[in-house]
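Participant: Have a look at this one.
The values are calculated or read from the model by the stated rules, or taken from the named source; none is laboratory data. Just so you know, these numbers come straight off a predicted model, no measurement behind them. When we count neighbours, we look across all protein chains shown, and the Cβ atoms used for this are built from the backbone with ideal geometry, even at glycine.
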Amino acid sequence: MEYIPQIIFALLLIAGVGYFTSNIRKMIRNIKLGREVDRSDNKKERWAQMARIALGQSKMIRRPIAGFLHVVVYVGFVIINIEVLEIIIDGLFGTHRIFAPYLGGVYDFLIGTFEILALLVLVTVVVFWIRRNAMNIKRFTMGELKGWPKNDANYILYFEVVLMSLFLIMNATDFILQTRGVEGYAHAGEIFGSFPVSQFVAVFFENMADTTLIVIERAAWWIHIVGILIFLNYLYWSKHLHIMLAFPNVYFAKLTPKGQFTNMEAVTAEVKLMMDPDADPFAAPDPAAMDEDPASLGASDIFDLDQVQLLNAYTCTECGRCTSECPANITGKKLSPRAIMMKTRD
């Protein structure tokens, strides 16, 4: 009977990670439907660009307010979920804060940092919700963001609020139980972790009985980890898949100057023929200057796009900055680059 929680946890973990892996394999299959494109050049430059843009968020900080808020959520989300590793180990082996004895003061610093970031994420998510739902920002009210896209953006914000709140409640009740020396939480009078935020949340629980606190702490712990597994699998259906795909997306991006493109050899040959006054207009074109299989002009289906373009569609964050900067859209034409990306992904 004592191993039942660990067995349940292991089954949930296997199911959650397994379903996510299955969906990622579907996504990779879909991307491979596109034409192959070689982006294996300049590996050092590509790694540096990925570190600068995807990891360092260099493009976001160009817009100070929105950029700072985004970085807070990004850093908070990534760093706080480092604790998931400890949760997984504790869940599988029935331990309690297994890293604490080995990390000592570093562990206290990490938990304290996690809590401060959790609070900042909560504040930032509220600001994001207001910007998206209460402020009349044009790119958030355009036609392609009606229905599911708008709801999807809000669902993620709600997810963040719930997960961060559960994290703080879990720590608050755990802090009280450690202080009281309750079996399973006590460590020879030593408190594992630093709780700069949840110690204030603990005020709401300090008059409760030990058994009640254990129920709340365990419930918050279980709902938190199950919520993370649900969030992980929700990503496949959400625009927030860019959390992971931003890295390969930036790595495989073009390194050539903006606006530079490769001419189709078939078109180039015809242009040269027209521009040459001495050329025989009835002469057969030089086979060496022609593609064996000329590429189509434009795209009528996903098979006409290359794999990087399909990866771009999956990575689109639906922020609408491409549409708000599009010259055709600015003049009132019904052209939205964001809508094209969204429809390609769909």
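Participant: Counting just the residues of region 19-45 that are among the small types (Gly, Ala, Ser) and closer than 21 Å to residue 239 by Cα, which one comes out surrounded by the most Cβ atoms within 10 Å (Cβ to Cβ)? Can you show your working first?
Facilitator: Of the residues in region 19-45, the ones among the small types (Gly, Ala, Ser) are 22, 34, 40.
Applying the additional criterion that residues be closer than 21 Å to residue 239 by Cα yields 22, 34.
Working: 22: 11, 34: 19.
In this case the residue turns out to be 34.
Participant: Taking the condition of being in contact with a Leu (Cβ under 8 Å, 6 or more places away or on another chain), assigned to a helix (DSSP H, G or I) and charged (D, E, K, R), how many residues in region 1-56 meet it?
Facilitator: Qualifying residue count, region 1-56: 2.
Participant: Any idea which of 118, 209 is more than 26 Å from residue 320 (Cβ to Cβ) and surrounded by 14 or more Cβ atoms within 10 Å (Cβ to Cβ)?
Facilitator: 118
Participant: While we're on this one: Looking for whichever is of a type outside the set (D, E, K, R), part of a loop (DSSP other than H, G, I, E, B) and more than 28 Å from residue 78 (Cβ to Cβ) here; the options are 208, 135. Which one fits?
Facilitator: Residue meeting the stated conditions: 208.
Participant: Could you please let me know if residue 229 is out of contact with any Asp or Glu (no Cβ under 8 Å at 6 or more places or on another chain), closer than 29 Å to residue 57 by Cβ and modelled with pLDDT of 80 or more?
Facilitator: Considered against the rule, which asks whether it is out of contact with any Asp or Glu (no Cβ under 8 Å at 6 or more places or on another chain), closer than 29 Å to residue 57 by Cβ and modelled with pLDDT of 80 or more, residue 229 comes out as yes.
Participant: Another one. What are the residues in region 72-95 that are modelled with pLDDT under 80, surrounded by fewer than 17 Cβ atoms within 10 Å (Cβ to Cβ) and of a type in the set (A, V, I, L, M, F, W, C), if any?
Facilitator: 75, 78, 79, 82
Participant: Let me ask another. Pairs only if they're at least six apart or on different chains, beta carbon under 9 angstrom, first in region 183-209 and free of Cβ contacts under 8 Å to residues at least 60 places away in the same chain, second assigned to a loop (DSSP other than H, G, I, E, B); list them, first residue then second.
Facilitator: Here the result reads 189/181; 201/195; 202/195, each pair linking region 183-209 to a residue that is assigned to a loop (DSSP other than H, G, I, E, B).
Participant: If you check 61, 53, 65, which single one turns out to be surrounded by 14 or more Cβ atoms within 10 Å (Cβ to Cβ) and among the aliphatic types (A, V, I, L, M)?
Facilitator: Going through 61, 53, 65 in turn, the sole match is 53.
Participant: Among 61, 65, which is the only one that is among the β-branched types (Val, Ile, Thr) and closer than 19 Å to residue 242 by Cα? Spell out the reasoning first.
Facilitator: On the way: 65 fails: closer than 19 Å to residue 242 by Cα.
Of 61, 65, the one residue that is among the β-branched types (Val, Ile, Thr) and closer than 19 Å to residue 242 by Cα is 61.
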